[in-house]
Amino acid sequence: MNRRQFFQAGAIAALGPPADAVHRAGYAERDITPEIGMEQPGGYGKVFHKSVHDPCKVRAAVFEGGARRVALVGVDALMAPRPLVLAARREIGERCGIAPEAVLIGASHSHSSGPTGMVQPGEYDHASPLVRKLAYEQSSAAHPGYLERVRGQIVEAVCAADAGRAEQRTSFGAGHEDKAAFNRRFRMKNGLTYTHPGKGNPDIVKAAGPIDPVVTALGTWNAQGQLTGCVVNYACHATTSPPGISANWIYYLERAIRGFFGPDVVVVFLQGFCGDVTQVDNLDPHANPGGEEWARLVGGRVGAEAVRVLLSSTPGAAVAVDARSRTLRIPRRAPSRERLAKCAEVVRQDPKQVGATAWIFAKEILLLDALLAKEKEVDAEIQGIQVGPAAFLAAPGEMFCQLGLDIRAGSPFRLTCPVELANGCVGYVPTEEALGPGGGGYETRLTAYSNLVQDAGTRMVRAALEVARQMKPGAMPEPRMAPPFREPWSYGNVPPEL
């Protein structure tokens, strides 16, 4: 065997499955960049956009295996409200025939995106004049016209991806990135848990929760070996917030992947369980970087790892496509009557007199009470989407990271991607421990946004694993085996020559 023959044999072995091992997949994206002057979501008061940094998008992937199709949709948004999801699914079903339970719509939780939250249109129309004023005039609120635009663009992206389905091969893999995200909750010497206790705080004992360093990347490749689209799953709050309207660090994730594979690759990002995980390292004594640098750092590191995973994984057939869904009814926690009375007194005062934090969370208690008068329980859809050996297990809250690790530990799938803020939003979903005696912190505050009972996360994990076990994992594509050994390379099978 000469030199050319030796390396040619290795190259043939690396090509992966034969050309007939294909399935059909399509990708598409649509623009949802909000207008200057629209509200910037993510807080409890009103803030307005003044500039544009980069576009916000809807990105969709549709996979077909056998007689089934599933859609994975990533939205550059703080949240995807439940009514928007149901309306989009209904139209997708009418236009494309994809079943509602087979469409996963996940928000990236970008705090620099368009107004899809917090208060929804008409949500407090039943309430008192005071509460209506607090909700619509003094709280972060979704824009009805923008919600309708996002709904329409989700439908258009999915339908375009479905119409563009072509015979392709898909690869699956997972990598590791543990320097981009950090748990923001810490055990303190007083026995409680604080969120963002501050750099250099001498009362910090240790981190109160984990991170999830797994970067999962699913890549779809055409007959020419070019990457046409990919789906990436990682767990980190999208709160780096470069100046202006932005997809947040997901913009730089996309740039990193496109920088290597080409400008037309569609990058569908699905946010992992990161309710208590952000880019902030509270144990680092150095000052935090600015928003632009932070966005580049997180997006670049996660994107670089996704590129490595995509390069290292083998494309193959992904015919095992499936979808399951079940909806839980979960009760809300309720404030006491005494607390309601005190909060009513606080909100009638000037925030500067009582303190902005006290005023904001008093307002939230009154808003929650109005919601409880209308609905004491909320819907929480737990969904499973399967593509080959990968399962995307989705829940509608800002889920604590440990809950995602629990799902991954109990899942029968080789690749399990927990997806938060999918198909609705029920606020923060802490662990039971975080709402227990030694818990506490920002995420456990009782608000109109976050108010589910203590075991809500446990219920969602249990339901997600039940959903996962209803589906049968597909095989992970593997590289071709090398041809049987015949002889060593004749150029190299010699003793040293002196």
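What the table below lists for this structure:
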read-out	value
Over the range 101-255 - Rg/Rh using Cα atoms and the Kirkwood inverse-distance radius	1.06
Amide H partners (placed H, <5 Å) of ALA323, local residues excluded	GLN386
Largest-first principal axis extents of the Cα set of the range 167-295 (Å)	61, 29, 20
Euclidean distance between Cα centres, the range 66-98 to the range 391-455, Å	22 Å
Principal-axis tilt of helix 82-96 within the chain, Cα atoms, nearest 10 degrees	40 degrees
Convex hull (Cα only) mean projected area of the range 15-129, reported in nm² to one decimal	10.7 nm²
Amide H contacts under 5 Å for CYS236, placed H, 5+ residues apart	GLY272
Value at 222 nm in deg cm²/dmol, rounded to 500, when DSSP H runs of n ≥ 4 in the chain each add -39,500 (n - 2.57)	-9500 deg cm²/dmol
Under-5 Å amide H pairs with PHE269, H placed in peptide plane, nonlocal only	GLY74, VAL232
Rg/Rh for the chain, where both radii come from Cα atoms and Rh is the Kirkwood radius	1.02
For the chain, with +1 on Lys and Arg beta carbons and -1 on Asp and Glu, the positive-most of PRO115, GLY244, ALA174 along the dipole	ALA174
The range 436-483 shape via C-alpha gyration tensor axes, a/c threshold 1.5	prolate
Convex hull (Cα only) mean projected area of the range 144-191, reported in nm² to one decimal	8.4 nm²
Out-of-range pairs (alpha-carbon distance over 28 Å; input LYS189/LYS363; LYS57/LYS206; LYS179/LYS472; LYS206/LYS363; LYS342/LYS376; LYS50/LYS376)	LYS189/LYS363; LYS57/LYS206; LYS179/LYS472; LYS206/LYS363; LYS50/LYS376
Kirkwood hydrodynamic radius (C-alpha pairs) into Stokes-Einstein, the range 116-205, 20 °C and 1.002 mPa s, D in µm²/s	113 µm²/s
Computed magnitude of the charge dipole of the chain (debye, nearest 20; Cβ of K, R +1, Cβ of D, E -1)	420 debye
Separation of alpha-carbon centers, the range 105-152 and the range 464-498, rounded to whole Å	52 Å
Extension gain, GLN454 back to GLU432 (0.36 nm per residue minus Cα-Cα distance, nm)	7.4 nm
Table column - 3J(HN,Hα) (Hz), the range 205-213, Karplus curve with 6.51, -1.76, 1.60, x for Gly and Pro	9, 6, 4, 8, x, x, 10, 10, x
Rounded tilt (10° steps) of 249-261 against the dominant C-alpha axis of the chain	10 degrees
Size of electric dipole in the range 180-293: Cβ of Lys, Arg +1 and of Asp, Glu -1, about Cα centre, debye, nearest 20	340 debye
Helix axis angle, 356-374 relative to the chain longest principal axis, alpha carbon, degrees	90 degrees
The chain - share of DSSP beta bridges that are antiparallel (%, nearest 5)	75 percent
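No value in this document is a laboratory result; all are computed from the given coordinates. This structure is a prediction, so every number in the text was calculated from the model and none was measured. Here Cβ is always computed from backbone atoms with ideal geometry, including for glycine, and neighbour counts include all displayed protein chains.
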